[in-house]
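A.B. asks: Before we start, here is the structure in question, set down as structure tokens.
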Amino acid sequence: MKFKITLLTLGMIAAFSSSAQATETAEGLYDAKCAACHTKTRPTDMSKVLAPALMGVMRHIKMDYPDKNEAVKFMVDYVLEPSKEKAICMPQKIERFGLMPSQKGNVTEAQLTKITGWMFDNFPPADFRGMGQGNRQGKGQGRGRGN
Ligand code: HEC
């Protein structure tokens, strides 16, 4: 009897913690809510790209908002209420992809604060040099492997 209860409890803990992991870490949230449009790695097939890649977005955000708190505030607001006037990305991006659809209802403000803080801390990666340059120097290999 005691044994059964223990197993049941363990099973429940395992179920809870794995679902919390999938939804509650910042990166898990990003994967669930944002990654479908903003890829985390450099896109390999440009024809399928729906939105600027994460590293590009963060490069531009940081040019305008080098301070993390300001950047997070801007992004949380933008994701819930995007507009052409607010956008800091290049106008060509909006022409090409269209304005980002508001994610209101899909993600909460608290989740967004978590997600965008994580984005700020991890992107662009330290060795990112922008599209079309870099990458040849340094590592020597790695081109064409979709890093
Ligand atoms: C349905 C596709 C889609 C989803 C989902 C999506 N985005 Fe976007 N996002 C876009 C497009 C398209 C743009 C470029 C046009 C623009 O800036 O509005 C963009 C631009 C942005 C920008 C740059 C804003 C600026 O000033 O130009 C940020 C920051 C951003 N997205 C964050 C997020 C975050 C965080 C999530 C997840 C909660 C997310 N996006 C989910 C399509 C999407």
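The values are calculated or read from the model by the stated rules, or taken from the named source; none is laboratory data. Small disclaimer: the values here were computed from a predicted structure and weren't measured. As a convention, Cβ positions derive from the backbone with ideal geometry for all residues, glycine included, and neighbour counts pool all protein chains shown. In case anyone asks, the SASA skips ligands and DNA or RNA and just uses the protein heavy atoms, side chains included. Shrake-Rupley method; radii C 1.70, N 1.55, O 1.52, S 1.80 Å.
A.B. asks: If you check every pair at least six apart or on different chains, which have Cβ atoms under 9 Å apart with a residue in segment 68-87 that is under 16 Å from K33 (Cα atoms) first and a residue that is open to solvent by 20 Å² or more (accessible area, probe 1.4 Å) and of a type in the set (D, E) second?
C.D. replies: Note: pairs meeting the criteria are V76/E109; L80/E109.
A.B. asks: Moving on to the next point. With L54, L112 as the choices, which residue is surrounded by 12 or more Cβ atoms within 10 Å (Cβ to Cβ), under 24 Å from T25 (Cα atoms) and more than 8 Å from the ligand (Cβ to nearest atom)? Can you show your working first?
C.D. replies: Details: L112 fails: more than 8 Å from the ligand (Cβ to nearest atom).
Of L54, L112, the one residue that is surrounded by 12 or more Cβ atoms within 10 Å (Cβ to Cβ), under 24 Å from T25 (Cα atoms) and more than 8 Å from the ligand (Cβ to nearest atom) is L54.
A.B. asks: Would you point out which residue out of K62, K40 is outside any helix (DSSP H, G or I), more than 8 Å from the ligand (Cβ to nearest atom), on the phi < 0 side of the Ramachandran plot and among the basic types (K, R)? Spell out the reasoning first.
C.D. replies: Values: K62 fails: outside any helix (DSSP H, G or I).
Answer to the selection: K40.
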